[in-house]
1. Count, please, the residues in segment 76-117 that happen to be more than 16 Å from the ligand (Cβ to nearest atom), part of a helix (DSSP H, G or I) and of a type in the set (Lys, Arg).
2. Would you mind finding the one in 172, 167, 148 that is β-branched (Val, Ile, Thr) and under 21 Å from residue 239 (Cα atoms)?
3. Which condition from (1) under 25 Å from residue 89 (Cβ atoms); (2) surrounded by 20 or more Cβ atoms within 10 Å (Cβ to Cβ); (3) touching a strand residue (DSSP E or B) at 6+ places or on another chain (Cβ under 9 Å) is the one that residue 370 breaks?
4. Identify the single condition in (1) of a type outside the set (Val, Ile, Thr); (2) surrounded by fewer than 18 Cβ atoms within 10 Å (Cβ to Cβ); (3) free of Cβ contacts under 8 Å to residues at least 60 places away in the same chain; (4) within 14 Å of the ligand (Cβ to nearest atom) that residue 279 does not satisfy, given that it satisfies every other one.
5. Please state which one of 272, 285, 246 is within 13 Å of the ligand (Cβ to nearest atom) and part of a helix (DSSP H, G or I).
6. With within 18 Å of the chain's Cα centre (by Cα) and among the hydrophobic types (A, V, I, L, M, F, W, C) as the only criterion, which of 276, 325 stands out?
7. Determine whether segment 3-22 contains at least one residue that is within 13 Å of the ligand (Cβ to nearest atom), at pLDDT 95 or above and among the polar types (S, T, N, Q).
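The values are calculated or read from the model by the stated rules, or taken from the named source; none is laboratory data. Not measured: the values here are computed from a predicted model. In this analysis, Cβ positions are derived from the backbone assuming ideal geometry, glycine residues included, and neighbour counts consider all displayed protein chains.
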Amino acid sequence: MIIEPRTRGFICLTAHPTGCEKNVINQIDYVKSKGKINGAKKVLVIGSSTGFGLASRITSAFGSDAATIGVFFDKPSAPGKTGSAGYYNTAAFEKHAHQAGLYAKSINGDAFSNEVKADVIKLIKEDLGQIDLVIYSLASPVRTHPDTGTRYKSVLKPIGGVFSNKTVDFHTGVVSEISINPAEGDDIANTVAVMGGEDWKMWIDALKKENVLATGAKTVAYSYIGPKLTEAVYRKGTIGAAKDHLEATAFSITNSLKDLKGEAYVSVNKALVTQASSAIPVIPLYISLLFKVMKEKGLHEGCIEQIQRLYSERLYTGNPMQLDAKGRVRVDDLEMREDVQAEVAKLWETATTENLSEIGDLEGYSNDFFNLFGFKVPSIDYNAEVDEMVAIPSEH
Ligand code: NAD
């Protein structure tokens, strides 16, 4: 079929298999071009099909020749209906990993459930024995608690008062004022239940209990801080409360892994266009200004550049890990540079519908958004017929 993007707000309902494969190939080529990393050899990535998780899986496999197991929640294709981008990405990743002689198997299901944890543990026991790196990169709006069956929904709200600021509709370029009402009732607790650290700890506890974590195993989860501009809706909002909880969980996991000499870290990453970040009001305007400034200064990075740097310059340098005052790994250093933030803050003041395409990188934002789904990828012929029915090799 001929596949075109069909968008609804910050969601794209279709995905292009050849475009997704090309994105994966580009990421593989980037990692290979940077040379080998002396990293973990048996890696579990939870949230492995898009964004930072996919970049982590690719960096482990093609930077360190690692065997990888990926866990994600994605829609397979059906006749006449495309699969989700994460599904096509995973099919492409496995294909290229297998061609390179690398072990790669994937489990498509709800990572918050006990069943998926049990399936993963069974697979590790059968195929790999023990794991030495666990990347935790889930981004989800909902979580069903595996013990109680309660379904929690996360919200993106400020805490304590209404937050009003500018935002942009990145499809139309219209800049407008948005007011977001503060969290109420159980909003904060619900968001912490979905995006906080409880499930990360449950994973590590389950893996340890079944003796599938190797001595010296590391686990890393991803967080974000960002600037004053977005603080009210991000870091000091409901999602920030969840990130505080995630960051605190790193210490309790490290404690629980003492006998294995294991370590848990949170890496604070840069703001990037992913399915998760497109959904947060105000952030798309910030990102389009940030990208403009970072590209002009030659500092721009995507998911793969971020994660390749995280592995090669932070996690696997052979030296003690450099951490910030709160014990976090930082690869948002370039985003948070004073000169970058000062310029973004200045541009923010003047940003309007009329000038955004000039002072911001709206085009870059929009391209990145469509790229997430395999569209607008250079060298792909979108007028050509493609087979929407792509299978993930390890599922068959
Ligand atoms: P993403 O939406 O691209 O990826 C999320 C992954 O989680 C996908 O593989 C998806 O299949 C998987 N997933 C979601 N729900 C699942 C479930 N129930 N079971 C199994 N898999 C499930 O997200 P991302 O932007 O790469 O975010 C990953 C992490 O990085 C998050 O913790 C996010 O807060 C953090 N982060 C993101 C940014 C950013 O700007 N995007 C910046 C810093 C940190």
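1. Residues in segment 76-117 being more than 16 Å from the ligand (Cβ to nearest atom), part of a helix (DSSP H, G or I) and of a type in the set (Lys, Arg): 1 in total.
2. Working: 172 fails: under 21 Å from residue 239 (Cα atoms); 148 fails: under 21 Å from residue 239 (Cα atoms).
Answer to the check: 167.
3. (2)
4. (3)
5. 246
6. Unique residue meeting the criteria: 276.
7. No.
Here is a yes/no grid of residues against (1) basic (Lys, Arg); (2) at negative phi; (3) not in a loop (DSSP other than H, G, I, E, B):
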position	(1), (2), (3)
211	no, no, no
215	no, yes, yes
222	no, yes, yes
234	no, yes, no
242	no, yes, yes
254	no, yes, yes
266	no, yes, yes
